[in-house]
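The structure appears below as structure tokens.
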There are 2 protein chains.
Amino acid sequence: MKKKEAILKVATVLFATKGFADTSTQELSRLTGAAEGTIFYHYKSKERLLLVILEKTRDDIVDQFGRFLESRSFVSGIEMIEEVVSFYLYLAGLMENQFQLLHRHFLYKFSESNPEFRKNLEAIYNCLVDFFEKAILTGQEDGSIASDVHPRKSALILFTMVDGVVRFKNDNLYDAGALFNELLKSSRRMLQAH
Amino acid sequence: MKKKEAILKVATVLFATKGFADTSTQELSRLTGAAEGTIFYHYKSKERLLLVILEKTRDDIVDQFGRFLESRSFVSGIEMIEEVVSFYLYLAGLMENQFQLLHRHFLYKFSESNPEFRKNLEAIYNCLVDFFEKAILTGQEDGSIASDVHPRKSALILFTMVDGVVRFKNDNLYDAGALFNELLKSSRRMLQAH
DNA sequence: GGCGAAACTGAGTGTGCGCTCAGTTTTTCT
DNA sequence: AGAAAAACTGAGCGCACACTCAGTTTCGCC
């Protein structure tokens with residue numbers, strides 16, 4: 001079971017950083033010490049290998065966010081927003097390669113023809129956006145978030161804002177740390193009741 | 001001069017939608033009616049073709065935003081924010097393929113080894129973020145935007161928020177039109193002075 | 001019309017790719 | 001220990017790729 005895991009691990013990094021088409025099974029073989037045949041013995045094709053990586057990514061993210069929500073209790077909706085945003089950034093650092101992978105266009109190309117890809121991507125995005133929405137709804141109940149905010153749409157916008165900062169970091173365009181405080185302030189201002 | 005243009009046009013669409021590695025010069029030849037040799041006669045290599053496309057994209061974006069700013073006058077900074085956001089979404093629709101291209105990771109891969117790519121990408125992002133920043137600074141002068149907002153950092157966050165909505169549309173994840181009003185409301189709330 | 005330059009052609013070349021398969025080693029279980 | 005199953009190997013296959021080049025057509029100008 002050693003080679004199988006090694007292939008998964010190395011492929012995650014390479015697919016995320018170099019891309020799918022630009023990563024050859026030959027390179028994968030060289031870096032893992034497994035023969036090329038071994039890759040195709042465990043995962044039937046390069047595309048199926050990518051699918052298994054995506055499935056694992058979904059499991060990891062759903063699991064991590066689930067445990068985060070269980071372990072915490074929040075004093076108000078607006079505080080919960082801050083904590084969810086912070087946790088998102090923390091997780092994007094912890095699982096850097098997997099978050100990078102989610103930003104790669106080839107996943108969306110495959111999901112056009114392969115419903116397995118789409119299913120997993122939808123599960124991930126629904127999970128993430130749901131947490132933002134849950135926080136907004138909580139805040140609207142306790143009065144800390146403005147009632148004229150559309151919960152789902154604002155959750156999507158908030159999500160894309162936070163995810164954009166992760167992108168800045170991963171693409172080496174801007175230091176995410178330097179934007180952290182301003183991001184929390186912006187989230188708060190965007191949603192807060194007066 | 002007919003084939004040269006056709007190659008550029010078709011390559012822009014294919015690189016943006018299918019990706020760089022997944023677009024072959026053979027396919028490019030078939031769709032343009034030009035022989036494969038013609039592609040390499042006009043553009044020395046596939047990579048140089050991509051660079052020329054990026055340069056044209058930079059020119060187009062800088063030109064369009066420049067003319068937008070000249071033709072308009074704004075009653076306040078916060079109004080300017082709304083108009084710049086709206087124009088960004090409008091332009092992303094008008095130049096859909098070029099904006100899609102800017103979201104592709106291979107551009108950032110090339111810019112790691114080829115400074116020409118980086119130069120052009122920086123020019124584009126600086127141009128775009130500068131407009132947001134300019135609007136924020138204007139608003140802070142006329143009092144319509146809160147003074148405790150960091151102009152550059154907030155411009156970056158605003159940019160990534162708007163660009164994220166464009167991504168939703170281009171990746172068919174969510175209808176950008178449905179988010180338009182909420183996006184304007186969010187931008188306003190995020191920056192507005194009280 | 002003639003001539004040099006620019007545009008264009010497409011068969012050909014070497015290379016690297018994903019993947020197969022017949023065979024070998026390692027593990028598991030009685 | 002021995003047999004069956006699982007894991008692993010790597011040479012080899014067919015194919016598609018980016019790119020070349022010697023030759024042909026079209027264009028611009030006097």
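The values are calculated or read from the model by the stated rules, or taken from the named source; none is laboratory data. Quick caveat: nothing in here was measured; it's all calculated off a predicted structure. Here the Cβ is made from the backbone with ideal geometry for all residues, glycine too, and neighbour counts use every protein chain on show. Note: accessible area is taken over every heavy atom of the protein model, side chains too, but ligands, DNA and RNA are not part of it. Shrake-Rupley method; radii C 1.70, N 1.55, O 1.52, S 1.80 Å.
Flag: residue A:157 matches the condition of being open to solvent by less than 10 Å² (accessible area, probe 1.4 Å), at the interface with chain B (Cβ under 7 Å from one of its Cβ atoms) and without any contact (Cβ under 8 Å) to a residue 60 or more places away in the chain. Scanning the stretch B:33-72 for residues that are within 30 Å of residue A:108 (Cα to Cα) and free of Cβ contacts under 8 Å to residues at least 24 places away in the same chain, which turns out farthest from DNA strand D (Cβ to nearest atom)? Looking at the filtered set, the residue picked out is B:59. Do we have any residue at all in the stretch A:51-66 that's surrounded by fewer than 22 Cβ atoms within 10 Å (Cβ to Cβ), touching a helix residue (DSSP H, G or I) at 6+ places or on another chain (Cβ under 8 Å) and of a type in the set (Ser, Thr, Tyr)? Scanning the stretch A:51-66 turns up no residue that is surrounded by fewer than 22 Cβ atoms within 10 Å (Cβ to Cβ), touching a helix residue (DSSP H, G or I) at 6+ places or on another chain (Cβ under 8 Å) and of a type in the set (Ser, Thr, Tyr). If you check residue B:77 against the conditions, is it in contact with a strand residue (DSSP E or B) (Cβ under 7 Å, 6 or more places away or on another chain), of a type outside the set (Val, Ile, Thr) and touching a residue at least 12 places away in the same chain (Cβ under 8 Å)? The answer is yes for residue B:77. Annotation: of all residues in the stretch A:108-160 being within 22 Å of residue A:19 (Cβ to Cβ) and of a type in the set (A, V, I, L, M), the one that is nearest to the chain's Cα centre (by Cα) is A:124.
Can you pull out every residue in the stretch A:13-39 that is open to solvent by less than 50 Å² (accessible area, probe 1.4 Å) and of a type in the set (Asp, Glu)? A:27, the sole residue that qualifies.
Among the residues making up the stretch B:169-194, those that are open to solvent by less than 40 Å² (accessible area, probe 1.4 Å), out of contact with any strand residue (DSSP E or B) (no Cβ under 9 Å at 6 or more places or on another chain) and more than 8 Å from every other protein chain (Cβ to nearest Cβ) are B:170, B:176, B:184, B:187. Consider the stretch A:104-128 and keep the residues that are among the polar types (S, T, N, Q) and within 13 Å of chain B (Cβ to nearest Cβ). The one that is surrounded by the fewest Cβ atoms within 10 Å (Cβ to Cβ) is A:113.
Would you call residue A:30 without any contact (Cβ under 8 Å) to a residue 24 or more places away in the chain and under 21 Å from residue A:117 (Cβ atoms)? No: the conditions fail for residue A:30.
Residue under question is residue A:75, and the condition is that it be more than 13 Å from DNA strand D (Cβ to nearest atom), surrounded by fewer than 16 Cβ atoms within 10 Å (Cβ to Cβ) and closer than 24 Å to residue A:183 by Cα; does it hold? In short, yes.
Against the conditions (1) over 21 Å from residue B:156 (Cα atoms); (2) within 7 Å of chain B (Cβ to nearest Cβ), residue A:163 satisfies every one except (1).
Annotation note: Cβ proximity below 8 Å between a residue of the stretch B:1-22 that is under 14 Å from residue B:38 (Cβ atoms) and a residue that is in a helix (DSSP H, G or I) and among the basic types (Lys, Arg) (sequence gap 6+ or interchain) occurs for B:8/B:56.
Taking helices (runs of 4 or more DSSP H) as the structural unit, those lying wholly within the stretch B:1-103 and holding at least 2 residues that are away from chain A (no Cβ under 14 Å), farther than 25 Å from residue B:187 by Cβ and more than 16 Å from DNA strand C (Cβ to nearest atom) correspond to B:2-17, B:46-71. When residue B:78 is tested against (1) among the hydrophobic types (A, V, I, L, M, F, W, C); (2) closer than 19 Å to residue B:7 by Cβ; (3) in contact with a Gly (Cβ under 8 Å, 6 or more places away or on another chain), exactly one condition is not met: (2).
Among the residues of the stretch A:129-146, those identified as open to solvent by less than 40 Å² (accessible area, probe 1.4 Å), more than 13 Å from residue A:85 (Cα to Cα) and of a type outside the set (Ser, Thr, Tyr) are A:139, A:145, A:146.
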